[in-house]
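Just so it is clear, none of the values below were taken in a lab; they were calculated from the coordinates. Values in this document were obtained by computation on a predicted structure and should not be read as measured data. A quick note on method: Cβ atoms are made from the backbone with ideal geometry, for glycine too, and the neighbour counts reach across all protein chains shown.
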Amino acid sequence: MATKTDKVIEFLRHLQINGTFCTKELAQKLGRSERMIQKYKRYIEERFGIEFKQIERGCYAVPNQLQLEKLLPDKRLYEEYEKFIDILQFTNSRFIELLDIDPEKLVDRNNQIYFFMESPFEEFYKSNFLPRIKKAIEHRKVVHITYEHAHKYRYENAKPLRIVFAENNWYLAILSQESYDGGFRLLRINFITSFEETSKRFRTPKAVNRYFENFQSLFTNYESDFFEVDVIVSKEVAHHFQVKKFLPSQKIVERLDDGSLKIRYRVNNEDEILLLAKRWLPDMKVLDLSIDAQLKELARRYLS
């Protein structure tokens, strides 16, 4: 069913193409009543503070100050919207619901072409905090947060930085008063039990932008320096690493004679490599002796 917005856009499209309209003829063309066409006309006049020029009885011209090309995107932009929706559906189509749009109205999609099997998607049952969180981030307001996850935590005078969607969960990135890792924390929004905005404002440190530019996973540290780690993946799984990056920094540095690959990662937390290597055991060998020793210990505990 066409919404009010759809109908007004259809009306604007006619104006964009023709520059004029006659109430009776346009009503017939769009399958609307003359009264409804007059209603659209009044809506546009009130919304944009303009007045259509009457050229004859029941017929009007678009005033010069109404620049329709700025109101309606051209064909190229519609194509970009389609690409955007495609990306959302390939990554996590449930994210579209939070944007309050219907992809079927933007993209003519044949359900026989795609099948999307999504990872479990966290529901926002604490969504009543979202407007306050967004406002505090936008206006850089210092906040007090109560957080309950296994234990109860209180973050006084915290700086809310970003809302982060990672691994199908929603987080609030903050700078707290704690000393570890510069006070940086990622809090699951659904575990926030109170959120109080203060009148104090803060400046966002430059390190915040650097963190998000280099963000690879939930284990990326805020302050730690990055270092390189090389791994060898066997020929049996090499093709997986040729077609997909399991961390953004993944780089194939050498193809070995036996078909295996030497791959380099740039990380600032050993856990990022440990988790990846655990997933690909026994087909991944970590060349960093310290991380390899930790991996072997984890495997020993698992098997014992």
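What do you get when you divide the Cα radius of gyration of region 227-303 by 2.2 N^0.38 Å, with N the number of residues?
On the way: Rg = 11.9 Å, N = 77, 2.2 N^0.38 = 11.5 Å.
In units of the 2.2 N^0.38 Å rule of thumb, it is 1.04.
A crude spin-label estimate for the pair S249 and Q54, with each label 7 Å from Cα along the Cβ direction, gives 7.1 nm.
Highest average first, the peptides 159-166, 198-205 ordered by how many other beta carbon atoms sit within 10 Å of their residues are 159-166, 198-205. Neighbour counts of C-beta atoms inside 10 Å place M284, M36 in the sequence M36, M284, starting with the fewest. The protection proxy used here, the mean number of other Cβ atoms lying within 10 Å of each residue, ranks peptides 21-29, 224-232 as follows, highest first: 21-29, 224-232.
Return R266, R13, R35 ranked ascending by Cβ neighbour count within 10 Å, so the fewest neighbours appear first. Present the calculation step by step, with values, prior to reporting the outcome.
Numbers: R266 16, R13 13, R35 9.
By the 10 Å Cβ count, ascending: R35, R13, R266.
Note on S176, S249: ascending count of other Cβ atoms within 10 Å places them as S249, S176, the fewest first. Which of rounded, prolate or oblate describes region 127-213 when judged by the alpha-carbon gyration tensor and an a/c cut-off of 1.5? Rounded is the answer for region 127-213, as its axis ratio a/c remains below 1.5. Listed cross-link partners K206/K285; K29/K53; K134/K244; K206/K296; K251/K296; K7/K53 are compared with a 31 Å cut-off, the Cα-Cα value being larger for K206/K285; K134/K244; K206/K296. A DSSP coil position with no more than 16 other Cβ atoms inside 10 Å describes the following GluC sites (Glu not before Pro) in region 230-304: E236.
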